[in-house]
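First the structure, in the form of structure tokens, and then the observations on it.
The numbers here are math on the coordinates, done by the rules we state, and not lab data. Remember, predicted model here, so these are calculated numbers, not experimental data. Note that each Cβ is placed from the backbone with ideal geometry, even for glycine, and that neighbours are counted across all protein chains shown.
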Number of protein chains: 2
Amino acid sequence: MSNAGHNNNALPKARLRLWLRLLKAQRLIEAELREKLRIEYGSTLPRFDVLAALHRAERGLKMSELSDELMVSNGNVTGIVDRLVEDGTVVRVPVDGDRRAMRVKLTDEGRNYFRKLADEHEGWVSDLLAMFDEGTAEELAARLHTIADSNTEHEVNK
Amino acid sequence: MSNAGHNNNALPKARLRLWLRLLKAQRLIEAELREKLRIEYGSTLPRFDVLAALHRAERGLKMSELSDELMVSNGNVTGIVDRLVEDGTVVRVPVDGDRRAMRVKLTDEGRNYFRKLADEHEGWVSDLLAMFDEGTAEELAARLHTIADSNTEHEVNK
DNA sequence: CTTGAATATTTTAAGCTTGAAATAAAATAG
DNA sequence: CTATTTTATTTCAAGCTTAAAATATTCAAG
């Protein structure tokens, strides 16, 4: 090394530690949410995620939009939506002008059901992240956003 | 509201946004790592995680220690270890003094295999988190650590 | 000792997830 | 128009994951 700075192989290790922490935090939170959903509502996280995406999208979402939004495979969404249709919380409606596509929408029942769920969910998350005040939470969120931002090729399928 | 401060229902929402960002970042990174492991090594993330845990533990780990460490269920570890045993990367050895328990250890082959893998893996992670310098990565890791720290009941089974 | 509770692991059934192959329809070229 | 390619979705096989039940062994009283 000819320059004055030290040879920093500590940098990749620090990033690796960050990834491991991120993963651990995610698993912890997910395990708690999964348990509450299961015990208190007999539901699951994947179903909640689909309902949440549909609730954000006023006019419903096509299957492919859903899988993009949730970053899961196409085939995966098919199965989850199948089960939600059985429950009566969502419906598949044909997209006119394109007989290949389906638009998935919340039913009125599904919308009411989800509203209650989402309210509770927000509380659970807030409790799990109770150590962060508003400013800190926003700052961390912004920093994490740069990860998705800098790695733009996030295709799950194909 | 009689006090001077504003009624902060923005706090749970900020925490919820943080959770959604955390989840998105985690999925993005995991998808990238999964693809590299699959294409370049014909392996999977769960297998990598088990090998990594065993590599950190000089004397091997009992099945229950493995599932605690990885925060996954007991039965889950059984299946992954079964497949690693088939590959010849790990072995189950009886724990003497307790005929119920098994200690899982890397084979020499498994250790060599994992060393290559871990090296690459560190590089992949470092690339995905390239937007963070060492100090930032450490600071974020420390903050994320407080999540696990404040939510100590992290039993997966039972 | 023996009985009963606790612990370590595996098995099971159901659901989740992926990547690839199969279908079907739409868009593009010749 | 017709053939080819692309797009939207489903199906499929394999593996992952969970929660609960089943096994097997150890521990703790009595």
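Worth a mention:
- Total residues in the range B:139-153 satisfying the condition of being within 7 Å of chain A (Cβ to nearest Cβ) and either aliphatic (A, V, I, L, M) or surrounded by 17 or more Cβ atoms within 10 Å (Cβ to Cβ) (or both): the figure is 7.
- Within the range A:127-138, the set of residues being at the interface with chain B (Cβ under 7 Å from one of its Cβ atoms) and of a type in the set (D, E, K, R) comprises A:GLU134, A:GLU138.
- Restricting the first member to the range A:64-91 and to residues that are on the phi < 0 side of the Ramachandran plot, and the second to residues that are buried (at least 20 other Cβ atoms within 10 Å of the Cβ) and polar (S, T, N, Q), the beta-carbon pairs closer than 8 Å and six or more apart or on different chains are A:SER73/A:SER67; A:ASN74/A:SER67; A:ASN76/A:SER67; A:VAL77/A:SER67.
- Answer from A:ARG103, A:ARG59, A:ARG111, A:ARG21 - the residue that is free of Cβ contacts under 8 Å to residues at least 40 places away in the same chain and not acidic (Asp, Glu): A:ARG21
- Counting only helices (runs of 4 or more DSSP H) that sit completely within the range B:1-100, those holding 2 or more residues that are within 14 Å of chain A (Cβ to nearest Cβ) and either in contact with a Cys (Cβ under 6 Å, 6 or more places away or on another chain) or more than 15 Å from DNA strand C (Cβ to nearest atom) (or both) correspond to B:10-41, B:45-56.
- Residue count for the range A:101-145 under the criterion of being among the charged types (D, E, K, R), more than 16 Å from DNA strand C (Cβ to nearest atom) and touching a strand residue (DSSP E or B) at 6+ places or on another chain (Cβ under 7 Å): the result is 1.
- Screening A:ARG111 against (1) in contact with a helix residue (DSSP H, G or I) (Cβ under 9 Å, 6 or more places away or on another chain); (2) within 16 Å of DNA strand D (Cβ to nearest atom) leaves a single unmet condition, (2).
- Breaking point among (1) within 29 Å of B:ARG34 (Cβ to Cβ); (2) more than 13 Å from DNA strand D (Cβ to nearest atom), for A:ILE80: (2)
- Checking the stated criteria, B:VAL104 turns out to be away from chain A (no Cβ under 14 Å), surrounded by 13 or more Cβ atoms within 10 Å (Cβ to Cβ) and not hydroxyl-bearing (Ser, Thr, Tyr).
- Within the range A:34-53, the set of residues being over 20 Å from B:LEU28 (Cα atoms) and either crowded, with 19+ Cβ neighbours inside 10 Å or in contact (Cβ under 8 Å) with a residue 60 or more places away in the chain (or both) comprises A:LYS36, A:LEU37, A:GLU40, A:TYR41, A:SER43, A:LEU51.
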